[in-house]
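Below: the structure, in structure tokens.
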Amino acid sequence: MAESMKGLKRTHRCTEVTEANIGEEVVLMGWTQKRRNLGGMIFVDLRDRTGLMQIVFDVNDIGEEAFEKAGTIRNEFVLAVTGIVERRAGAVNEKLKTGTLEIRAKALRILAESETPPFPIEENSQTREDLRLKYRFLDLRRPDIQHGIMVKSQVMTLSRSFMANEGFLEVETPILGKSTPEGARDYLVPSRIYPGRFFALPQSPQLFKQLLMVAGYDRYFQIARCFRDEDLRADRQPEFTQMDMELSFVDVDDVIEVNERLLKHLWKEVLGIDLQTPFRRMTYREAMDRFGSDKPDLRFGMELHDVSDVVKDCGFSVFSGAVANGGSVRGICVKGEAGMPRKKIDALTDFVKGYGLKGLAYLAVQTDGIYKSSFAKFMQPEELEALVKAMDAEPGDLLLFAADKTKLACETMGALRCELARRLELIDKSKFEFLWVVEFPLLEWDEEEQRFSAMHHPFTMPMEEDLPLIDSDPGAVRAKAYDIVLNGCEIGGGSVRIHQNDIQEKMFECLGFTKEAAYEQFSFLLDAFKYGVPPHAGLAYGLDRIVMLMLGLDSIRDVIAFPKVKDSSCLMTQAPGTVAPKQLEELGLNIEVIADTEDKE
């Protein structure tokens with residue numbers, strides 16, 4: 001039966017007890033990790049969010065009645081223990097922070113009993129994720145999950161303090177806003193007072209933070225909840241935490257400088273690592289050409305080579321035809337892998353087909369000077385030698401090639417580069433390689449809509465020298481946009497914003513908006529821009545993703561207390577769920593059931 005803690009006050013968390021406390025009486029409270037009954041003595045590992053402390057129950061110290069009570073303890077029982085801090089009489093556990101200490105119990109209260117958990121509460125659990133997420137309140141007790149949640153809290157606290165010292169004001173922006181046509185799908189909230197109208201949950205505080213600059217607040221900062229109704233991946237969630245900022249009277253270098261100092265501060269305080277600044281910078285075009293990605297992983301080499309000029313007139317029609325049709329041929333050199341079995345090369349071919357590529361050409365440079373290849377018979381010896389030279393290949397290397405439209409060839413080989421690095425274990429996971437990717441295209445062509453869309457958002461400033469191209473060649477216009485990339489993941493992005501009405505109107509025109517349509521969607525912003533807009537710029541981080549990468553984790557779910565799964569549902573609460581007919585009636589909604597759904601676990 002559970003007991004009260006009345007009259008009892010915890011003096012320490014488990015690992016707050018140190019050798020300086022030896023001989024003192026302490027009161028600890030927490031959960032039972034493990035119990036071992038050795039007859040006249042019972043050992044319990046007590047756990048709280050800081051770690052473990054060994055408790056010793058000796059019948060001679062605690063008395064028979066309390067000792068019998070200790071004998072009923074099971075895993076996950078909640079205990080309050082009063083006892084004396086001692087140096088361990090038995091073996092020292094060097095893996096524990098408290099491995100030299102133990103508490104010799106004088107009194108015990110069982111504050112709550114527990115059923116047997118559906119899985120062990122332990123680090124690096126092998127329990128399948130869906131079961132752990134169904135019982136997330138238990139999963140959150142695991143030390144590795146608790147560590148991620150606590151580091152995230154530390155990052156938030158450090159960031160707030162740093163930004164405050166830099167003159168930023170923390171300002172909350174609305175959760176209920178207006179749906180806008182650009183970007184991902186909005187989550188919509190029906191209005192009871194205005195039937196047929198909807199609020200939208202924010203994908204970001206973008207428009208409001210720009211309005212704060214118009215209002216003269218100069219430097220804004222917010223740790224904001226954001227929502228996007230999109231398909232999920234390991235590093236995405238339908239609701240997530242964004243670390244958001246906006247600055248007035250600045251340009252690209254100013255935003256980059258303050259953010260490099262912020263990241264340097266976080267890595268030093270959280271991980272004890274001194275990051276070297278300034279970080280490298282690379283244009284979008286260079287990143288795509290060299291790595292096939294606008295978020296390249298710089299922890300390993302294997303860069304892409306453009307061999308289009310070398311093979312444009314060769315006898316292999318797959319190569320020459322791709323170049324003739326306006327595409328290109330891109331290759332990567334895999335050092336020392338000329339002996340890779342055909343079965344593995346076929347698996348790599350299947351991998352690139354998943355990206356839309358029709359196939360993968362290969363050439364193994366054998367140590368005896370012979371080429372083993374899928375296409376060598378179509379090319380002259382001098383053409384093969386020129387290709388090998390262009391790839392900087394040596395005997396023993398494996399060359400892989402994609403021939404197609406340039407964008408598809410680059411992106412696919414970029415993905416293959418990363419896949420090979422994983423399979424061949426080329427990645428040094430102890431490294432943190434930061435990179436600023438700059439000068440993104442302002443616009444990208446949407447084949448489905450047959451119009452340009454904003455690569456970032458409609459309020460991104462074009463580079464001044466490219467403004468004359470906005471009418472004649474809008475696809476060539478570069479943006480004053482910048483992404484911060486870490487180990488092949490984009491952790492943040494931002495841009496200098498448009499603050500001149502004529503440029504903003506031209507941007508809307510490029511995106512296919514009439515003046516009337518633009519005003520209908522963004523009237524509050526365009527009205528504000530009539531009253532003196534300072535030059536301004538900003539950036540936003542995916543906070544969950546930063547912490548995930550800091551800790552070397554594979555999923556942001558491990559640093560979010562109550563995450564969703566890939567279908568956007570919550571296995572613990574069974575959300576989303578149905579609502580009462582009366583609620584729908586109040587909102588003026590009539591639900592049409594499109595297909596039967598089953599409860600998901």
**Asked** Tally Lys/Arg at +1 and Asp/Glu at -1 over every other residue whose Cβ is under 13 Å from the Cβ of SER114; what's the total?
**Response** +1
**Listed residues ILE145, ILE594, ILE22 arranged by accessible area, highest first, probe 1.4 Å** = ILE594, ILE22, ILE145
**Message:** Per residue, how large is the accessible surface of the chain? Use a 1.4 angstrom probe and give square angstrom.
**Reply:** 51 Å²
**Request:** At a 1.4 Å probe radius, which order do THR514, THR82, THR180 fall into by accessible area, largest first?
**Result:** THR514, THR180, THR82
**Complete:** Which of LYS344/LYS377; LYS407/LYS564; LYS295/LYS429; LYS95/LYS295; LYS358/LYS431; LYS178/LYS515 exceed 27 Å between C-alpha atoms? The answer is LYS407/LYS564; LYS95/LYS295; LYS358/LYS431
**Asked** Can you give the FRET efficiency for LYS335 and GLU449, using 1/(1 + (r/R0)^6), R0 = 45 Å, r = Cβ-Cβ distance, to the nearest 0.05?
**Response** 0.60
**Asked** Can you give the charge dipole size of the range 465-601 about its Cα centre, rounded to the nearest 20 debye, using +1 on the beta carbon of Lys and Arg and -1 on the beta carbon of Asp and Glu?
**Response** 500 debye
**Request:** Name the helices (complete DSSP H segments) of the chain with a Cα length along the long axis of 30 Å or more and a Kyte-Doolittle mean of at least 0.0, or state none.
**Result:** 143-165
**Request:** With all protein chains present, calculate the accessible area of TRP436 using a 1.4 Å probe and round the result to the nearest 10 Å².
**Result:** 0 Å²
**Prompt:** Kirkwood hydrodynamic radius for the range 111-245: how many Å is it when counted over pairs of different Cα atoms?
**Reply:** 18.2 Å
**Prompt:** In the full protein assembly as shown, how much of VAL329 is accessible to a 1.4 Å probe, in Å² to the nearest 10?
**Reply:** 0 Å²
**Item:** Ranked by how many other beta carbons lie within 10 Å on average, peptides 366-377, 254-265 from highest
**Value:** 254-265, 366-377
**Request:** Can you tell me which of 572-581, 497-506 comes out highest on packing, and rank the rest after it, using the mean Cβ neighbours within 10 Å?
**Result:** 497-506, 572-581
**Item:** Residue-span extension gain [LYS389 to LEU140] - 0.36 nm each, minus C-alpha spacing
**Value:** 84.2 nm
**Request:** Considering the convex hull of the alpha carbon atoms of the range 332-470, report its projected area averaged over all viewing directions, in nm², one decimal.
**Result:** 12.4 nm²
**Item:** Calculated FRET value between ASP61 and ARG192, using beta carbons and R₀ = 56 Å, to 0.05
**Value:** 0.30
**Prompt:** So how do LYS344, LYS152, LYS429 rank on accessible area, 1.4 Å probe, biggest first, that is with the largest at the start?
**Reply:** LYS429, LYS344, LYS152
**Request:** List the equivalent ellipsoid semi-axes of the range 6-59 in whole Å, largest first, each obtained as the square root of 5λ for an eigenvalue λ of the Cα gyration tensor.
**Result:** 19, 13, 12
**Request:** Net charge near PHE440: determine it from the other residues with C-beta under 10 Å of the C-beta of PHE440, scoring Lys and Arg +1 and Asp and Glu -1.
**Result:** -1
**Percent carbon-and-sulfur accessible area, the range 177-280, ignoring ligands, DNA and RNA, probe 1.4 Å** = 50 percent
**Message:** Let's test the formula: R0 of 22 Å, r as the Cβ-Cβ distance of TYR355 and ASP309. What FRET efficiency results, to the nearest 0.05?
**Reply:** 0.35
**Message:** Suppose the Debye formula is applied to equal point scatterers at every Cα of the range 1-116; what is log10 I(q)/I(0) at q = 0.12, 0.16, 0.18, 0.20 Å⁻¹?
**Reply:** -0.36, -0.66, -0.85, -1.08
**Request:** Starting from the alpha-carbon convex hull of the range 492-563, give the projected area averaged over all orientations, in nm².
**Result:** 7.4 nm²
**Prompt:** Could you state the number of Å between the C-alpha centres of the range 139-188 and the range 335-386?
**Reply:** 47 Å
**Message:** Taking the Cα centroid of the range 11-30 and of the range 440-500, what is the distance between the two, rounded to the nearest whole Å?
**Reply:** 57 Å
**Request:** Stick to the Cα atoms of the range 364-427, pair each with every other, and give me the Kirkwood hydrodynamic radius in Å at one decimal.
**Result:** 13.2 Å
**Prompt:** In nm, what is the difference between 0.36 nm times the number of residues separating ASP251 and ALA107 and their Cα-Cα distance?
**Reply:** 45.4 nm
**Item:** Dimensions (Å) - the range 467-513, Cα atoms, principal axes, largest first
**Value:** 37, 22, 19
**Fill in**
hull vol. (C-alpha, convex hull) per residue for the range 36-87, Å³ -> 93 Å³
**Item:** Rounded accessible area of ARG422 (nearest 10 Å², 1.4 Å probe)
**Value:** 140 Å²
**Prompt:** If you take the alpha carbon radius of gyration of the range 444-601 and divide it by 2.2 N^0.38 Å, what ratio comes out, to two decimals?
**Reply:** 1.43
**Request:** Just flag the GluC sites (Glu not before Pro) in the range 73-137 sitting in loop per DSSP whose Cβ has no more than 15 other Cβ atoms within 10 Å.
**Result:** GLU94, GLU113, GLU115, GLU122, GLU123
**Message:** So if each residue of separation counts as 0.36 nm, and I subtract the Cα-Cα distance between SER430 and ASP567, what length gain in nm does that give?
**Reply:** 46.1 nm
**Request:** Find the Cα radius of gyration of the range 57-173, compare it with 2.2 N^0.38 Å by division, and give the number to two decimals.
**Result:** 1.52
**Request:** Select from THR180, GLN583, ILE193 the residue farthest towards the positive end of the dipole of the chain; place +1 on Cβ of Lys and Arg, -1 on Cβ of Asp and Glu, and compute about the Cα centre.
**Result:** GLN583
**Prompt:** Calculated from the structure, Kirkwood radius over Cα pairs in Å equals which of (i) 28.7; (ii) 29.9; (iii) 27.2?
**Reply:** (i)
**Asked** In the range 294-334, what percent of the accessible surface is made up of carbon and sulfur (1.4 Å probe, ligands and nucleic acids excluded)?
**Response** 40 percent
**Request:** May I ask you to give the percent of accessible area on the range 365-458 that is carbon plus sulfur, with a probe radius of 1.4 Å?
**Result:** 48 percent
**Prompt:** Tally Lys/Arg at +1 and Asp/Glu at -1 over every other residue whose Cβ is under 14 Å from the Cβ of ALA479; what's the total?
**Reply:** -3
**Message:** With +1 on the Cβ of every Lys and Arg and -1 on the Cβ of every Asp and Glu, and nothing else charged, how large is the dipole of the chain about its Cα centre, in debye rounded to the nearest 20?
**Reply:** 1780 debye
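The values are calculated or read from the model by the stated rules, or taken from the named source; none is laboratory data. This one's a predicted model, so the numbers in the text were calculated from it and none came from an experiment. In this analysis, Cβ positions are derived from the backbone assuming ideal geometry, glycine residues included, and neighbour counts consider all displayed protein chains. Accessible surface is based on the protein model in full, side chains and every heavy atom, while ligands, DNA and RNA are left aside. Shrake-Rupley method; radii C 1.70, N 1.55, O 1.52, S 1.80 Å.
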